1. Where does the charge balance sit around ALA218 when Lys and Arg score +1, Asp and Glu -1, over other residues with C-beta under 12 Å from its C-beta?
2. With all protein chains present, how much of the accessible area of the range 405-551 (probe radius 1.4 Å) comes from carbon and sulfur, to the nearest whole percent?
3. Using the per-residue mean of other Cβ atoms lying within 10 Å as a proxy for protection, in what order, highest first, do the peptides 745-757, 416-428 fall?
4. Which FRET efficiency value, to the nearest 0.05, do you get for GLN726 and LEU798 by plugging their Cβ-Cβ distance into 1/(1 + (r/R0)^6) with R0 = 22 Å?
5. Show me, for the range 317-324, the HN-Hα J-couplings you get by feeding each phi into the Karplus relation (A = 6.51, B = -1.76, C = 1.60, θ = phi - 60°), rounded to Hz, glycine and proline as x.
6. In nm, to one decimal, how far is the GLU52 label point from the ARG590 one, both placed 7 Å along Cα→Cβ?
7. Heavy atoms only, probe 1.4 angstrom, no DNA, RNA or ligands counted: give me ARG244, ARG656 ranked by accessible area, highest first.
8. Do you know the relative contact order of the range 542-581, to the nearest whole percent, from alpha carbon pairs under 8 angstrom that are 6+ apart?
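The values are calculated or read from the model by the stated rules, or taken from the named source; none is laboratory data. In this text, all values refer to a predicted model and were calculated from it rather than measured experimentally. Here Cβ is always computed from backbone atoms with ideal geometry, including for glycine, and neighbour counts include all displayed protein chains. Heavy atoms of the whole protein, side chains included, go into the accessibility calculation; ligands, DNA and RNA do not. Shrake-Rupley method; radii C 1.70, N 1.55, O 1.52, S 1.80 Å.
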Amino acid sequence: MLVSLNWLKDYVDVALGAEELAHGLTMAGLEVSRVERVGEGLGDVVVAQLLERGQHPNADRLSRCRVTDGSETYDIVCGATNMAAGDRVALARVGAVLPGGFKIQKAKIRGQASFGMMCSERELGLSQEHEGILILPPDLPLGQPVAEALGYPDALLEVEITPNRADCLSVVGVAREVAALTGGELRVPRPRVPDAGPAVAAETSVEILAPDLCHRYAARVIRGVTIGPSPAWLRRRLLAAGVRSINNVVDVTNYVLLELGHPLHAFDLNRLAGGRIVVQRATDGEVFTTLDGQERRLGRDTLVICDAERPVAVAGVMGGLNSEVGADTVDLLLESAYFLPEGIRRTSRALGLRTEASYRFERGTDVEGLIRALDRAAELIASLAGGTVAAGIWDAYPTPHPKRRVGLRTAAIHRVLGVEVGADEAGARLTALGMTVRARTREALEVEIPTHRVDVEREIDLIEEVARLGGYDAIPATLPGAAVGSSPLPAAVVRGDAARDALVSSGLYEAVTLSFGDPRDDQRLGGGAADAPKVVVENPLSRELGILRTSLLPGLLRVAGLNVRRQAGDVRLFEVGRTFHPVAGQPLPREVQRAAAVLIGSRVPLGPWAKAEPVDFFDAKGVLVDALARLGVRDVAFEPTADLPWLHPGRGARVRAGNRDLGWLGQVRGERAEAFELELPAVAFELDLEAVGAGATGPAPWRALPRYPAVERDLALVVERAVPVQAVLDAVAAVGSPLVRSVVLFDAFEGGRIPAGQVSLAFRVTLRSDERTLTEGDIAQVESDLLACIGERTGARLRDS
């Protein structure tokens with residue numbers, strides 16, 4: 001928010017320079033991000049009067065003018081067209097230096113001598129307006145420096161208002177802070193309304209049908225106004241705040257908003273059916289045209305201001321085109337209201353419409369201060385636009401706001417801030433901020449909170465006020481004390497860290513995605529088993545973030561697709577996070593800690609020694625088995641599955657350990673990956689870390705280095721193609737021989753002499769004893785037992801040589 005230092009001085013005496021004031025405000029919690037000087041270096045530019053304006057004899061778009069500063073007359077060639085004889089203008093005479101270092105010199109333009117320049121606002125550094133020269137008020141004395149005549153130089157402070165400090169969204173609000181910091185006296189405008197007209201009850205009425213969304217609505221009626229341009233002082237004030245001047249009535253409402261922080265709206269009374277106001281919810285799907293000319297579809301939760309027949313404004317956001325104040329307006333109804341912040345925030349977001357009014361209503365306005373704002377606007381309109389103000393105010397106040405009282409203990413101040421602040425000092429600081437101390441002891445205060453401080457609700461809020469008024473830089477820097485305990489970390493933290501370490505050790509990189517998900521992700525994954533109940537976000541940031549995720553896969557696929565589109569083709573990503581699943585009859589969802597990974601691209605780096613083969617199911621399986629082993633799960637089984645619609649049939653498996661389902665593994669279907677803008681083959685897996693933790697058997701037992709040699713035997717078996725390899729491995733395990741140390745599949749072959757529908761599987765079996773060197777008899781017995789058990793369980797037989 002831009003705050004003019006000159007405007008600020010209307011409400012509090014400021015002896016500090018702009019930079020000192022900016023530092024003081026920043027240390028009090030109102031960060032001033034920038035100080036801009038305006039109107040400096042204009043000492044050589046004076047008020048002048050245009051005596052004559054004629055056509056340049058040698059140029060169609062230039063004028064030849066005669067201008068006087070009260071002492072001398074100058075011939076000036078000018079390209080602007082917005083001036084006429086008699087206008088007061090800003091004259092830079094020969095020798096004057098304008099902002100930016102531009103020096104005015106005598107010049108000959110198309111054969112005509114020019115002894116100076118009539119300046120625009122941009123040339124004077126006052127604004128970016130350059131469509132014409134600056135026309136000054138007609139009562140300014142000739143020859144007076146323009147800066148002095150217009151109240152310059154000035155300094156504009158850009159104050160970054162935090163969302164909780166709605167009370168500072170006005171010049172008076174910032175002045176209140178300055179007064180508290182400097183010990184100055186705050187001068188709040190006390191309007192005197194010349195309300196000599198008929199009673200307001202005879203002119204209009206207000207009915208509130210949605211008191212939960214509109215807590216208070218006040219109105220005044222002014223008849224016989226004359227719409228016209230605003231005076232120069234008002235235009236300058238608006239300009240300093242970055243607001244464009246429209247007309248005297250609209251400018252007054254904007255001025256009061258900036259001055260007091262409370263939004264107002266002026267209706268053309270004669271365009272209100274029945275001359276009355278009804279505050280109610282909109283009809284669902286109703287179309288309404290706002291002041292910007294846009295048609296907007298309203299929802300049932302939108303609060304609208306209506307006349308006797310139709311909506312005339314979206315409450316707290318923007319007025320309607322059907323009731324705007326125009327050049328032909330003569331009678332006004334002025335609105336000043338308090339709307340529920342949550343309702344305005346919801347409406348503004350739903351309509352995609354952000355205004356100065358909604359910005360303030362969303363943060364909370366002063367329910368008691370709205371009458372002062374209404375009176376201030378009525379006073380200024382009567383002064384600038386004429387008219388007769390009806391006697392009294394129509395004030396509908398169905399939802400009163402009692403003033404809050406909050407206790408403050410001096411011991412709590414010391415505990416939080418680390419400095420001693422007595423009750424008297426704390427009370428003085430709070431009183432300087434407009435609060436009232438109703439009771440006081442040496443140990444505690446009872447403080448009444450003014451209604452403009454909507455952010456102060458608890459003791460800690462008062463402590464913050466005491467701290468910031470004393471200056472955050474006055475609080476000594478100390479290291480916080482902490483008790484060191486031996487309490488173990490929560491199991492979920494330990495599991496998550498262990499999973500991260502395991503997956504990083506396998507060459508993967510961690511990704512962190514949002515816990516929110518897109519409701520359409522189920523369709524992208526193919527529905528089916530993934531189409532489970534969801535936790536719906538009531539007020540999502542966007543449609544794509546409307547639920548809490550039930551799987552980590554969609555987020556990883558999106559990130560992988562982004563990497564591929566940015567030429568990072570080899571992707572190895574994992575995430576450890578929580579998924580959320582609603583539980584019938586429970587207010588909170590069940591949270592499940594999971595780990596997921598996505599692998600894309602080449603198996604090994606491109607080089608002369610390796611082919612650029614893409615990663616496949618077995619690469620992901622290797623990563624998964626290694627990670628599970630590091631997590632203490634070694635007896636892992638993979639069961640083929642076809643009930644996961646996002647995985648290729650025959651290339652997907654359930655991951656199990658004993659009787660526990662740990663997750664899934666497989667290759668993502670191409671069309672499912674493309675739904676997430678990923679056009680390369682991808683393999684992925686997802687684990688339930690709680691199930692993994694329950695299935696862990698602890699670290700592997702330590703074994704000494706073998707003292708006796710191992711013996712390897714290769715077994716080539718012919719088996720039906722439908723028999724999984726795991727069935728063969730299970731048969732080997734069922735033999736239970738202590739001599740079998742490992743079994744590895746190293747070849748699979750079909751065709752040739754292998755019958756159709758069958759496959760040759762070659763296994764390498766490693767045998768070893770910890771007590772002696774194996775004999776041929778030992779080896780033959782184990783081999784015979786293995787073939788017998790495998791044949792009985794799977795129907796496999798030795799392949800003929």
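1. Values: positive: ARG216, ARG220, ARG372; negative: GLU335, GLU368, ASP375, ASP395.
Result for the local shell: -1.
2. Values: 4560 of 8400 Å².
After summing per-atom areas, the C and S share lands at 54 percent.
3. Working: 745-757: 10.2, 416-428: 15.4.
Answer by packing, highest mean first, reads 416-428, 745-757.
4. Values: r = 20 Å, r/R0 = 0.91.
My answer for the efficiency is 0.65.
5. Here the 3J(HN,Hα) series is 10, 7, x, x, 5, 7, 9, 6 Hz.
6. About 9.5 nm, to one decimal.
7. Values: ARG244 175, ARG656 55 Å².
The ordering from most to least exposed comes out as ARG244, ARG656.
8. On the way: 20 pairs, mean separation 21.1, N = 40.
Contact order relative to length: 53 percent.
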